[in-house]
Amino acid sequence: MSAIELRGLTKVYPGGVKALDSLDLVIPDGEFFALLGPSGCGKTTLLRTIAGLETATGGAVVIGDRDVTGVQPGARDIAMVFQDYALFPHMNVTDNIAYPLRIKKVARATRQQKAAEVGARLGLEQLMERRPGQLSGGQQQRVALARVMATQAQAFLFDEPLSNLDARLRLEARTFLKKLQHELGVTTVFVTHDQAEALAMADRMAVMESGHIRQIGTPAEVFQRPANTFVAGFIGSTPMNLLDGVVRGDTVDVADCKVAVPESAEGLLRDGEKIVYGVRPEYNVYSAESADGSLGGTVSIVENLGATYLVTLDVNGVPVQAIVPEGREPELGDEGFAVPRRDRALIYRDGELVSA
Amino acid sequence: MAQATLPPEVLDDAKARRYNADAAGLGRLRAGAFVAPALALISLFLVFPALWVLYLGLSNYRLTGAAAAAPQSVGFDNFVKALTDPEFWSSTWLTFEFVLGSAVIGQVVLGFLIAWIMRDRTGPIKRIVEGLVILAWILPSAVVSFLWVALLDRDGGTLNTLLHLQDFAPLLDHPMLSIIVFNIWRGAAFSMMLYGAALGNVPPSHLESARLAGASGWQQLRDVVFPHIRGHVLTNLLLISLWTFNDFTPFLLTAGGPDGKTEVLSVHVYQVALQGGELGYGAAVSTVILLINLVVAVFYLRLLRSKK
Amino acid sequence: MTRFVLRRIGFYVLIAVLLAFFAVPLLWLASAPFTSDPTYQVRMPDFTSENFRALFDNPYALGSLWNSVLLAAGTAALVVVFATLAAYALSRVRLPGRDALLYTLLLLSSIITGTAAMVPLFQLAVELQLIDSQLGLILILTGGLLPAAIFMMKDFMDSTPKSYEESARVFGATPLQIVRHVVVPLVRPGLATIAVWAVANVWGNFLMPYLLLSDVEKQPAAVIMYTLYTEGGQANIQLLGTFGLLYSVPVVLMYLFVSKKYGFRFHGGIKR
């Protein structure tokens, strides 16, 4: 098991497109690490560059204490699960799992036994003779996992490991994957475009945008204190309210209402400064009665999220969203008020979080 | 971290290219070795002959005799000779008739007709008709040529027996018409399958909305079907013209006769160069064939590109 | 109502005419091999085996079929091996000048036909002493089929995901191991398609063996078939029927096999 370190990693494609722009990142030994971002942000390129499937234009990839930047993918002591799993369709499950051992010239009997062991651990005993085409998506994923486990590599790389599964199976696989990684304790980097997946599984994560890392942190840090408006808009199943405002002493003018300056920005703002006031709908407390420092308006949309409701208020022409528990949802056209929690609201200056 | 103090560096070329970035890590050297045997065979037996034919066309090379031992350059004499030779022009005209009659008109119309009347059918009639049409296409040319010789024979031919005709010898009396009809029969399958595939790609909703608007069969064909398959028609025309133009099968039916009435260019080259031994003159005619092929092929490739 | 009936009648008349046009020339091949003393005329067969006995007694007939098998198998093997190697390299590695090369190949395969190149090919064969050499003919046929084969094969490779190879590569397989363990098994249907296509082309080819093989013991069935009905003044009708049938059956079986197993994949140039 090894840590992974990237130093000034840069990838420029022949056409001149800069897919990775001088990235620095340290992933400690044994961590389950997510690379999150919208499509085209460079997260898959980064994973493939760590694997060696793309050659770096500049910078270095260090696995353990070995600089592997110029080393063949097969000699980096890593294993990878591809988005489509890349199970060889002409081999049965046993041969697929045993393939890495076959390359390492392990004797046939030994590698079959090893494949059987790993397969059994992932509940594949009954399927060892089947071809990948005869397996369900979830079973294929487990075969792909068994195959990387058989390698006993220093680190695992997963490219969108859940995207080929249907929605219900995805939740199940999420739990399974997280449990497996913790049991194995192998440093694992996975790529996803689904923020919920990253929040749920990762120990830590990096949020990427157009070749840059915009924030690194634990899921809680990234969710509660997005470092910039890009991350704030990308993370969370309902996007954060990002409202233009002007600082007036210890209040902020937002949509012709006055709200209190959040705790995190106390003493860091200048009077009259233009800022963006951010608060997640989950931290926006809804009430039917007016209160100090509330955003008041008319209820324009009510969306059912299951146990909660997402209420959109029209506050003097500015839409503001709040989460309301079931049974307390308002009617369309009602007068409503949202009070942002001072300990959770955030201030962004020029797109970056204002904090001590 | 033993190397934690290493500064970020820009890789020099040597380091970046230490291994190969293609999917299997093959690398240019090995890739070159993979391509080499195929390229060698293609160069020797396809490209070289094509260039050689240009050189031959400028020489007085003969199969036998003094000119065989020491061929000399004769400039454009062979081309001048060909272009002033009435036999060359008659042969060119026959080829034009053959391509126009059998491919451009015959195969296209018949192929489309079969594809159109079979478009929504299933069952034995479709299978039998299509099976026979394809059978005519896949059987070896030496076999089908003989079958037509037997069919059209003056004395005991099946055609005369069926029609109760006597002494009707199509291969002697109407040789050009015979090879045209033969080639329609032989090649309709390709057009049928291509149009069948093309018609399958016309969205049924378009046809239905035309029918709902009260369009007649002909109007549906003109307004809905044709705009969809226009590209296929052009592809089909170019390919079958090219193939028919280069087809040597008429030789198997009539050997160019009687009296050179079916001596299309492909047969003409054979007769002049390999039977008559005038390789230089034959090469000049081959060059003309190559040039015509080139024009059609370039046109076709441009069409393919514009589609992408 | 009458209009509908007329349309139906018209339709069936059309079908009948089409069936007659395509079936009548073929009738002879179905009847003559099984008819005693066959003539050009189609007669009800009396299911004699006499014609087949005559065929087996002929010194060249069976030999020529064997020659056809040799030529077709040899050419198909070379075409499949060389086209696969070249197509793989061209599909996966950005060789300098690759696009120009592919375009040239496509152009060459359509313009340099047997007709256009028969004069220089004949001469080349004379110079290289490949006249009357079956191996020489195989090489020449291979050269002619390779461009189109590379093109079809590259299409096949391009539609195969790279992740299989990359996956094997991350596990440490060498490039040649990847080709052997992963690529070849993955494109097996493509290999079969190219092989069948090459066999069909060579099996029916008349011009090249007619030009380049003058020894009757080496000639394939296409040339012998032609000799049987043109040479010696009178066509040997008894042999032509059985021989034509035996020579045709493999192509039909191959066609049925391919269309059953792979469905008929519409490659623009599956047959030329």
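Computed over chain C, the per-residue total of -39500 (n - 2.57) for DSSP H runs of n ≥ 4 gives a 222 nm mean residue ellipticity of -23500 deg cm²/dmol, rounded to 500.
Positive-end ranking of A:SER136, A:ALA107, A:ILE216 along the dipole of region A:82-230, with charges on Cβ about the Cα centre, is headed by A:ALA107. Rounded to the nearest 20 debye, the dipole magnitude of the protein assembly as shown is 1640 debye, with +1 charges on Lys and Arg beta carbons, -1 on Asp and Glu beta carbons, and the Cα centre as origin. Each Lys and Arg adds +1 at its Cβ and each Asp and Glu adds -1 at its Cβ; summed about the Cα centre, region A:241-353 shows a dipole of about 260 debye. Loop-only trypsin sites (Lys or Arg not before Pro) in region A:214-314, please: DSSP not H, G, I, E or B, and at most 14 other Cβ atoms within 10 Å. Passing sites in region A:214-314 are A:ARG270. Each of B:ARG127 and C:LEU246 was given a label point 7 Å from its Cα along the Cα-to-Cβ line. The distance between the two points is 3.1 nm. Ranking A:GLY74, B:GLY101, C:VAL249 by Cα position along the charge dipole of the protein assembly as shown, where only Lys, Arg, Asp and Glu carry charges on their C-beta atoms, puts C:VAL249 farthest toward the positive end.
Region A:30-56 and region A:101-176 have their alpha-carbon centroids 21 Å apart. Only beta bridges with both residues in the protein assembly as shown are counted; by DSSP, about 80 percent of them are antiparallel.
What is the antiparallel percent of DSSP beta bridges lying wholly in chain A, to the nearest 5? Antiparallel bridges: around 75 percent, rounded to the nearest 5.
Would you mind classifying region B:77-307 by shape? Square roots of the alpha carbon gyration tensor eigenvalues, ordered a ≥ b ≥ c; an a/c under 1.5 is rounded, otherwise it is prolate if a/b is larger than b/c and oblate if not.
Because a/c hits 1.5 or more and a/b fails to exceed b/c, region B:77-307 counts as oblate.
About the Cα centre of chain C, how large is the charge dipole given +1 on each Lys and Arg Cβ and -1 on each Asp and Glu Cβ? Please answer in debye to the nearest 20.
Numbers: 19 positive and 14 negative charges, 286 e Å.
Dipole magnitude for chain C comes out near 1380 debye.
Relative to one another, the C-alpha centroids of region B:78-139 and region C:143-208 are positioned 32 Å apart. Summed over qualifying helices (DSSP H, 4 residues or more, each -39500 (n - 2.57)) and divided by its residue number, chain A shows a 222 nm mean residue ellipticity of -7500 deg cm²/dmol.
Placing a label point 7 Å from the Cα of A:ILE301 along the Cα-to-Cβ line, the residues of region A:317-356 whose backbone N sits under 12 Å from it are A:319-322. The Cα atoms of region B:82-202 give a gyration tensor whose axes a ≥ b ≥ c have a/c of 1.5 or more with a/b no greater than b/c, which makes the shape oblate.
In terms of its C-alpha gyration tensor, region A:1-87 comes out rounded, because the ratio a/c of the largest to the smallest axis stays below 1.5. Each stretch of four or more DSSP H residues adds -39500 (n - 2.57); spread over every residue of chain B, this sum gives -19500 deg cm²/dmol at 222 nm.
Applying a threshold of 29 Å to the alpha-carbon distances of A:LYS114/A:LYS178; A:LYS104/C:LYS261; C:LYS154/C:LYS260; A:LYS114/A:LYS179 flags A:LYS104/C:LYS261 as lying beyond it. Using the Cβ-Cβ distance between C:ARG53 and A:LEU169 with R0 set to 56 Å, the FRET efficiency from 1/(1 + (r/R0)^6) comes to roughly 0.25. Placing R0 at 60 angstrom, the Cβ-Cβ distance between A:GLN113 and A:SER210 gives a FRET efficiency of 0.80 after rounding to 0.05.
Apply 1/(1 + (r/R0)^6) to the Cβ-Cβ distance of A:ASP250 and C:ASP158, taking R0 = 60 Å, and write down the FRET efficiency to the nearest 0.05. My answer for the efficiency is 0.40. From the alpha carbon centroid of region A:1-23 to that of region A:251-280 is 37 Å. Projecting the Cα positions of A:TYR85, B:VAL285, A:VAL189 onto the charge dipole of the protein assembly as shown (unit charges on Cβ atoms of Lys, Arg, Asp and Glu, taken about the Cα centre) puts B:VAL285 furthest along the positive direction.
A short reminder: the numbers here are calculations on the coordinates, not readings from a lab. Remember, it's a predicted structure, so these values are computed and weren't measured experimentally. Cβ atoms come from the backbone with ideal geometry, glycine included; neighbour counts cover every protein chain shown.
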